[in-house]
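Visitor: First the structure, then my questions, so here it is.
A short reminder: the numbers here are calculations on the coordinates, not readings from a lab. Source: prediction; values computed, not measured. For neighbour counting, all protein chains shown are included, and Cβ atoms are generated from backbone atoms with ideal geometry for every residue, glycine included.
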Amino acid sequence: MNQKEQKESFANPGPAGLMVLAFYLGALWPVATHQAPHQMANVLIALGFAGGLVQFTAGIIDLKNGEIMTGNIMLAFSAFMWLGFWEFLGKSLGFIPENTTIVDGWVFIIMGILMSGFTIGHLKAPKIAFWFMIFTDIFFLSAGLFFLTMKGILWVIAGWSLPFVIFTILWTVFGIVLNGVFGKTVIPMGKPFIED
């Protein structure tokens, strides 16, 4: 099997990985912005479990397809969703302490730094993917700094960045799927800032 055939042995799994992330963030957003009581965050147990599985699978397929950046990003998001699953399950069953902010803070900061680095690579991606990364960077860095400092404005920024992340996910998913189905640009994704 030549490299081209091997690279195209799977379809693009990105939409599936992004959709489960949108579901997860869609549940997190009303809790994070105090539109829903904190107890409703337990919905993230099921979404974290399902999302972690889907994103892990999508990441492996991306890597199999030769997509080093998106594959690794998807696997990192998988770990993030597994963290949410385990923390919310552990807190609800009482085997993880209620306050995990110091640990969460450093995990979110490290994720934010990694995503910021990968944002540079997205200068060569469609603009909608670049903006997804920007809003994701804002979320992780603001949330991480909030957990470490407990300054409320940082959580407001993190919480209200989520609708922008979700919007860019929806646009990207529709763009990839519908443009692929119709074989032409139905949903414009925006030309990259840097083109080869």
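Visitor: Quick one: how many lysine pairs does the chain have with C-alpha atoms less than 28 Å apart and a gap of 8 or more or different chains? Give me the count, please.
Guide: Summing the qualifying lysine pairs gives 19.
Visitor: Next up: With the contact rule set at Cα under 8 Å and sequence spacing of 6 or more, what percent relative contact order holds for the stretch 12-98?
Guide: Worked out over the stretch 12-98, it gives 31 percent.
Visitor: Pairing the Cα long axis of helix 101-121 with the longest principal axis of the chain, what angle in degrees results, from 0 to 90 and rounded to the nearest 10?
Guide: 20 degrees
Visitor: Cα axis of helix 43-64 to longest principal axis of the chain: angle in degrees, 0 to 90, nearest 10?
Guide: That helix lies at roughly 30 degrees to the long axis.
Visitor: So, one more: Check each of the GluC sites (Glu not before Pro) in the stretch 51-131 and keep only those in coil by DSSP with at most 12 other C-beta atoms within 10 angstrom; list them in order.
Guide: GLU98
Visitor: In deg cm²/dmol, rounded to 500, what helix-only [θ] at 222 nm does the chain give when every DSSP H run of at least 4 residues adds -39500 (n - 2.57) and the total is split over its residues?
Guide: It lands at -26000 deg cm²/dmol.
Visitor: Suppose a student asked you for the relative contact order of the chain, using Cα pairs under 8 Å spaced at least 6 residues apart; what percent would you report?
Guide: RCO, the chain: 22 percent.
Visitor: Please check: in the Gaussian network model of the chain (C-alpha springs, under 10 Å), which one of ILE96, ILE169, ILE45 has the largest mean-square fluctuation.
Guide: So, out of ILE96, ILE169, ILE45, the one fluctuating most is ILE96.
Visitor: Still on this structure, please answer the following. How do MET81, MET150, MET189 rank when sorted from fewest to most other Cβ atoms within 10 Å of their own Cβ?
Guide: Sorted ascending by nearby Cβ count, the order is MET150, MET189, MET81.
Visitor: Okay, next question. Sort out for me the Cα centre separation of the stretch 25-42 from the stretch 97-163, rounded to whole Å.
Guide: That distance is 17 Å.
Visitor: What is the fewest-to-most order of SER142, SER92 by other Cβ atoms lying within 10 Å of their Cβ?
Guide: The fewest-first ordering by Cβ neighbours comes to SER92, SER142.
Visitor: Which ordering of PHE10, PHE85 is given by a fewest-first count of other beta-carbon atoms within 10 Å?
Guide: The fewest-first ordering by Cβ neighbours comes to PHE10, PHE85.
Visitor: What number comes out for the charge environment of ILE110, summing +1 per Lys or Arg and -1 per Asp or Glu over other residues with Cβ under 14 Å away?
Guide: With Lys, Arg at +1 and Asp, Glu at -1, the net is -2.
Visitor: Run the dipole for the chain about the Cα centre, Lys and Arg Cβ at +1, Asp and Glu Cβ at -1, nothing else charged, and hand back the magnitude in debye, nearest 20.
Guide: 260 debye
Visitor: Using a Debye calculation, one point per C-alpha and no hydration shell, please list log10 I(q)/I(0) for the stretch 12-98 at q = 0.14, 0.25 Å⁻¹ in order.
Guide: -0.49, -1.09
Visitor: Taking the chain as the reference, fit the longest principal axis to its C-alpha atoms, fit the long axis of helix 127-149 to the helix C-alpha atoms, and give the angle between the two in degrees, 0 to 90, nearest 10.
Guide: 20 degrees
Visitor: Can you tell me, using C-alpha contacts under 8 Å and at least 6 residues apart, the relative contact order of the stretch 100-196 as a whole percent?
Guide: The normalised contact order for the stretch 100-196 reaches 34 percent.
Visitor: Please identify every one of the chymotrypsin sites (Phe, Trp or Tyr not before Pro) in the stretch 121-196 that sits in a loop by DSSP and has no more than 15 other beta carbons within 10 Å of its own beta carbon.
Guide: Filter output for the stretch 121-196: PHE193.
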